[in-house]
Amino acid sequence: MIRIFNGKNRFLSNFYFHDGWCVEIPFQAAKTYDNTKQARILLAKSPAEAKKLGRSVVLRPDWEDVKEEIMLKLLRLKFKIPKMRRMLLDTGHQELEEGNYWHDNEWGNCYCMKCLTISGKNKLGKLLMKIRDELLTEDVQAVPEKLELEEAKRIIDESLDPEFYRKEIVDDNS
């Protein structure tokens, strides 16, 4: 089991930079419909700065309904990069848990004294294992090593279009 995303497993973190890009920044930008705030978040110098800015935006009304799907799409994008893909596949069949000490029991599982009786949902770990399973079973076309910020922006733009989600829900239920 990989319990915490640090050290050699830091690449599993949404804060991990590869070629000047990380998942956390576009994820935070997708929280709002405010284009000015989105742009400011996308220009953040670090994922921590983006997260701080993301906490101050007015959340889009459908955020609770779409955030997991947005995260999944951004993670799929990250793990299309050949180096990232190989690192994820190298985790084998280990359970992945985003263990932490900052009280995140939605995306991970907090091990602080206050949270010892709370079982985290570990949504990030589960999404990573889902992607790993997809990579193991599909013939995935890898993208070039350099991931363009434009691709992340496209995902954000898609996430802002309510028709995009309606279409996916209809397609998934057919």
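At-a-glance table
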item: Those residues of segment 74-109 which are surrounded by fewer than 18 Cβ atoms within 10 Å (Cβ to Cβ), out of contact with any strand residue (DSSP E or B) (no Cβ under 8 Å at 6 or more places or on another chain) and either basic (Lys, Arg) or at positive phi (or both), in sequence order; result: Arg76, Arg86, Gly92
item: Sole residue being surrounded by 15 or more Cβ atoms within 10 Å (Cβ to Cβ), assigned to a loop (DSSP other than H, G, I, E, B) and out of contact with any Cys (no Cβ under 6 Å at 6 or more places or on another chain), chosen from Phe5, Phe11; result: Phe5
item: Ser46 hydroxyl-bearing (Ser, Thr, Tyr) and either surrounded by fewer than 16 Cβ atoms within 10 Å (Cβ to Cβ) or modelled with pLDDT under 95 (or both); result: yes
item: Tally, over segment 111-127, of residues that are over 17 Å from the mean Cα position of the chain (by Cα) and either within 18 Å of Arg10 (Cβ to Cβ) or aliphatic (A, V, I, L, M) (or both); result: 4
item: Of the criteria (1) over 17 Å from the mean Cα position of the chain (by Cα); (2) under 25 Å from Glu138 (Cα atoms), which one Leu77 fails; result: (1)
item: Checklist (1) in contact with a Cys (Cβ under 8 Å, 6 or more places away or on another chain); (2) modelled with pLDDT under 90 applied to Asn100, failing item; result: (2)
item: Positions within segment 38-62 being among the hydrophobic types (A, V, I, L, M, F, W, C) and closer than 27 Å to Arg10 by Cα, in sequence order; result: Ala39, Ile41, Leu42, Leu43, Ala44, Ala48, Ala50, Leu53
item: Sole exception among (1) crowded, with 20+ Cβ neighbours inside 10 Å; (2) within 25 Å of Glu134 (Cα to Cα) for Leu53, by number; result: (2)
item: Residue tally, condition of a type outside the set (S, T, N, Q), under 15 Å from the mean Cα position of the chain (by Cα) and buried (at least 22 other Cβ atoms within 10 Å of the Cβ), over segment 24-43; result: 7
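The values are calculated or read from the model by the stated rules, or taken from the named source; none is laboratory data. The structure displayed is predicted, hence computed values, not measured ones. Cβ coordinates were reconstructed from backbone atoms using ideal geometry, including for glycine residues, and neighbour counts include every protein chain displayed.
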